[in-house]
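Colleague: Structure incoming, see below.
The values are calculated or read from the model by the stated rules, or taken from the named source; none is laboratory data. Please read these numbers as outputs of a predicted model, since none were measured by experiment. Reconstructed Cβ throughout: ideal geometry from the backbone, glycine too, with neighbour counts over all protein chains shown. Side chains included, ligands, DNA and RNA excluded: accessible areas come from the protein's heavy atoms. Shrake-Rupley method; radii C 1.70, N 1.55, O 1.52, S 1.80 Å.
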Amino acid sequence: MPCALLFDMDGTLIENSMDTFLPPYFRALSKKVAAYVTPEKLIAQLQISTRVMMANTDPARSNAQVFADDFFPQIGVPRETLMPLFDDFYLNEYGALRAFIQPLEISRQIVARAFELKHTVVIATAPLFPRNALTQRLAWGNLADFPYALITDYQTMHASKPNPAYYHEIAAQLGVAPSECVMIGNDAQMDIVPAKRAGMQTFWITDVRNAATDTVPADWRGTLADFGVVMEKL
């Protein structure tokens, strides 16, 4: 019986470590707005406002709204001044960060097969970026041309990982029960534990950098190729 498959993106479908990706991202974005705010102030406030956004529990305010309401007053530059620069950054300079992303051939095979099996497919990435940033990363991973039911960007979502409300919101948007969803991700605390608390089934992507432990409440665990075997039986 088809179900909803929620795929984490970074570290699951594409090879991308945020420890490697974020420093050049911050440098490029800082350079874009250097005429208005120092890099030190920008990066510090980006991190603070992102934490505020991740803690959002107001279903009436999108993550983007929560971020903006905290970020722009603290940074001291009007939103009308900086937002056009941010938008232009994602249209132009952001593309240079492709060098830090590696596609995974198995990912395209798994996602294509999921659609063949008539599953509902979601890109359940942390909703901390605008849609353009996420679709570009999907394109770098050779995964952008599929008709996903949902990509969780910060304009769309009203909660974030690791809040179980994030997973409840996905299920509600799809019109399915959490029990009809399978979350597939490599981060136990961001993907597996909160999805399980929300009532979803879970597949923990493990490898030599992410050794399996019995304390993680995953229904299944293994490589992405291993999930392909499980998917055939769902």
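Colleague: For the chain, what does -39500 (n - 2.57) per DSSP helix run (n ≥ 4), summed and divided by total residues, give at 222 nm, in deg cm²/dmol to the nearest 500?
Modeller: Rounded to the nearest 500, the figure is -13500 deg cm²/dmol.
Colleague: In square nanometres and to one decimal, what's the mean projected area of the convex hull around the Cα atoms of the stretch 1-65?
Modeller: Mean projected area of the Cα convex hull: 7.0 nm².
Colleague: Above 22 angstrom, tally the Cα pairs of the stretch 104-234 and express them as a % of all pairs, no decimals.
Modeller: Considering the stretch 104-234, 34 percent of its Cα-Cα pairs are separated by more than 22 Å.
Colleague: Out of the total accessible area of the chain (probe 1.4 Å, heavy atoms of protein only), what percent is carbon and sulfur?
Modeller: Ligands and nucleic acids excluded, carbon and sulfur reach 55 percent.
Colleague: Which of T20, Q173, Y148 sits farthest toward the positive end of the charge dipole of the chain, with +1 on the Cβ of Lys and Arg and -1 on the Cβ of Asp and Glu?
Modeller: Value computed over the given set: T20.
Colleague: Further question: So what is the orientation-averaged projected area of the stretch 1-130, using the convex hull of its C-alpha atoms, in nm²?
Modeller: With every direction weighted equally, the projected area is 9.6 nm².
Colleague: Nothing charged except the Cβ atoms of Lys and Arg (+1) and of Asp and Glu (-1): what's the magnitude of the dipole of the chain about its Cα centre? Round to the nearest 20 debye.
Modeller: About 180 debye.
Colleague: Any idea how many Lys pairs in the chain come in under 22 angstrom at the alpha carbon, given 8 or more places apart or on separate chains?
Modeller: Close lysine pairs found across the chain: 5.
Colleague: Once label points are set 7 Å from the Cα along Cα→Cβ at both A225 and M83, what is their separation, rounded to one decimal in nm?
Modeller: With each label point 7 Å from Cα toward Cβ, the separation is 4.7 nm.
Colleague: Run the dipole for the stretch 84-136 about the Cα centre, Lys and Arg Cβ at +1, Asp and Glu Cβ at -1, nothing else charged, and hand back the magnitude in debye, nearest 20.
Modeller: Its charge dipole is roughly 280 debye.
Colleague: Leaving out ligands and nucleic acids, note down the accessible area per residue over the stretch 55-130 with a 1.4 angstrom probe, in whole Å².
Modeller: That works out to 50 Å² per residue.
Colleague: Also, I was wondering about something else. Where the eigenvalues come from the Cα gyration tensor of the chain, what are the semi-axes √(5λ) of the equivalent ellipsoid, largest first, in whole Å?
Modeller: Taking √(5λ) for each eigenvalue gives 31, 19, 16 Å, largest first.
Colleague: Considering only C-alpha atoms, what is the centroid distance from the stretch 74-137 to the stretch 31-70, in Å?
Modeller: Measuring centre to centre over Cα atoms gives 17 Å.
Colleague: Then there's this: Would you mind telling me which residue in P162, P130, P147 has the biggest mean-square fluctuation in a Gaussian network model of the chain, where springs connect alpha carbons within a distance under 10 angstrom?
Modeller: Of the options given, P147 has the highest mean-square fluctuation.
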